[in-house]
Every structure is written in C-alpha cells, then in structure tokens.
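The values are calculated or read from the model by the stated rules, or taken from the named source; none is laboratory data. Note that the structure is predicted; figures quoted are calculated from it, not measured. Cβ placement follows ideal geometry from the backbone for every residue including glycine, while neighbour counts extend to all protein chains displayed. We work out accessible area using only protein heavy atoms, side chains counted, and drop any ligands, DNA or RNA first. Shrake-Rupley method; radii C 1.70, N 1.55, O 1.52, S 1.80 Å.
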Amino acid sequence: MASTETTLIPVMSRNVGSWQFKIERQTLTTESLAAEYDRAAPGWTKITDKYGYATSYRKLFEQFFATLANDIRARPLRVLDIGVGAGAFSLALVDACPVEIHLTAVDISPAMLAETSSRLAERGVDATLRQADARSLPFDTASFDLVIGAHVFEHLPNPVIALTEIERVLSPGGWLVSCITRRSWLGTYIQTKWRTHRVSRDRTVDWLTAAGLDAVPHTLQPNGICRLTSLVAIGRKPVGSILNTEFPQ
C-alpha cells in the first residue's frame, strides 16, 4: 500500500450550521487483517455453512449466468477470485458455471489459502493459489474473463485502488461479480468488528466508475442471512478498452 494512502474510513458526517463533524476510524493494517483471518481460518467454513452463505452464493451465480452472462461461449473461462478466504465463493462458482473454468485465487492470509487448497482438492477442483494483495495483483494485463470477490473491498481504505487493478487484469468485456457488506443492523456488527466501510449501492457504483469499470444495473441479490449482510456489485470492463490494452508478448 502506498505510503500516501489514507488508513481512515468514514463512519459518520453531520453538518450543523457552518460546522461539519466527522467520525473516522482506522482500518486494520494488511498485516493485522491477515493475522485476524489466519486465526479465523480453521472455523471459517463451519460459520459460512451454518448461516447458508454457500447456498446463497451458488444461487447468486446461477442468476448471474442466466440473466447477465448468458452469452458466454463453451470455452474455458479464466477466473480470478480475490480474497478467496476458505473458498466458499469459488466453490459456488464451480457449481453454478455452465462452462469449464480455469481458476486462480489470491488472499493475504496463508491459513485461508491452506483451507481453500484443501476444500478444492476434496472437490477435485484444480486451481492456482497465490498469496497476494488485491491492490497489487501479480498477473498480466487482460489475464481473466471473470473476477469474483466476496467481502473484500470494504476492508480497504481506498477500494478504488484494488478495483483499478481488477480493471487492468480483466479482458475487454470481462466481468466483476462481488458481494460487499451492506449498511444494515447486522452489517453494523461486521463493520464494527472488522473496521470496514459502511457501504450503500450508490457508493459501489462510485467505486466501480472511478476504477474505469461500467457499473452494471441488475436485480440480483443473495438470499437468507447473506441478503441481510451483503449487497451485490457487478462491473464490466468496457469492450473499447481493447484499444488501450497492452497484451503480453
């Protein structure tokens, strides 16, 4: 992370006459966040399964491929999962995707990557796993057709930095499908515990647009408890971006 990047996220802002009052909170550092997820990794799958996140994620991807990405041809789809965690989002994609995929996944937590590796192996899914930060992806430009991420961007002081990296590694016309912790009574607990942004749909549109992605209007949403905590943000790299793309030799 660049030294000039703020580590504060807005919590509340109020205007009283000519006065403006702000409350901001420091985010967890990358090292602290990785350590927190390392500690949580052994029980993470049990938690996501208990509250129905795996099922909700699968249904979300089924909706995505049926309503938005139904033009995908029968070819291997190059997929990147950022902040893969214990692999619930990736496995949901595997179950829902109508075509063969080549899966790559990154996370800052070594313990989470180990959990993902074990779960993917149990399912017979071949994937490339790497420890990496979403703000500095170790991949060539236009390397992927689809980038997915569950509950990643709200952790970052400036999510646009990561989204700009995603725009870079997406091929022209490529998709981003993400779940982000929303403003809600249950989301407030998560945001307090993990020091994340309080996110509205309008804010996700601002983030996507600032990164050069088209914010795709949609009616897709998770179900169950996941619906109470998450909103779905979908972006697409403009096809015209091919004019500015540097393809690897």
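Worth a mention:
- Just one of the listed residues (VAL106, VAL99, VAL84) is touching a residue at least 40 places away in the same chain (Cβ under 8 Å) and of a type in the set (Val, Ile, Thr), and it is VAL84.
- Members of segment 94-104 that are in contact with a Lys or Arg (Cβ under 9 Å, 6 or more places away or on another chain) and open to solvent by 30 Å² or more (accessible area, probe 1.4 Å): VAL94, ASP95, GLU100, ILE101, HIS102
- Across segment 66-93, the number of residues qualifying as crowded, with 19+ Cβ neighbours inside 10 Å and of a type outside the set (Lys, Arg) comes to 17.
- Selection of segment 105-116 for residues being open to solvent by 20 Å² or more (accessible area, probe 1.4 Å) and under 30 Å from ALA66 (Cβ atoms) yields only GLU115.
- Residue, nearest to TRP207 (Cα to Cα), within segment 117-152, restricted to residues that are under 15 Å from the mean Cα position of the chain (by Cα), open to solvent by less than 30 Å² (accessible area, probe 1.4 Å) and without any contact (Cβ under 8 Å) to a residue 60 or more places away in the chain: ALA134
- Per the listing ALA132, ALA142, the residue uniquely modelled with pLDDT of 95 or more and at positive phi is ALA142.
- Unmet criterion (only one of (1) modelled with pLDDT of 90 or more; (2) within 23 Å of PRO159 (Cα to Cα)) for GLU24: (1)
- Helices (runs of 4 or more DSSP H) enclosed by segment 86-173 - at least 3 residues per element that are over 21 Å from SER32 (Cβ atoms) and of a type in the set (A, V, I, L, M): 88-96, 159-169
- One residue stands out among those in segment 153-183 that are open to solvent by less than 30 Å² (accessible area, probe 1.4 Å) and closer than 18 Å to ARG227 by Cβ: the one that is modelled with the lowest pLDDT, which is THR181.
- Within segment 207-225, residues that are at negative phi sit with their Cβ atoms under 9 Å from residues that are in a loop (DSSP other than H, G, I, E, B) and open to solvent by 60 Å² or more (accessible area, probe 1.4 Å), at 6+ positions apart or across chains, in these pairs: ILE225/TYR51.
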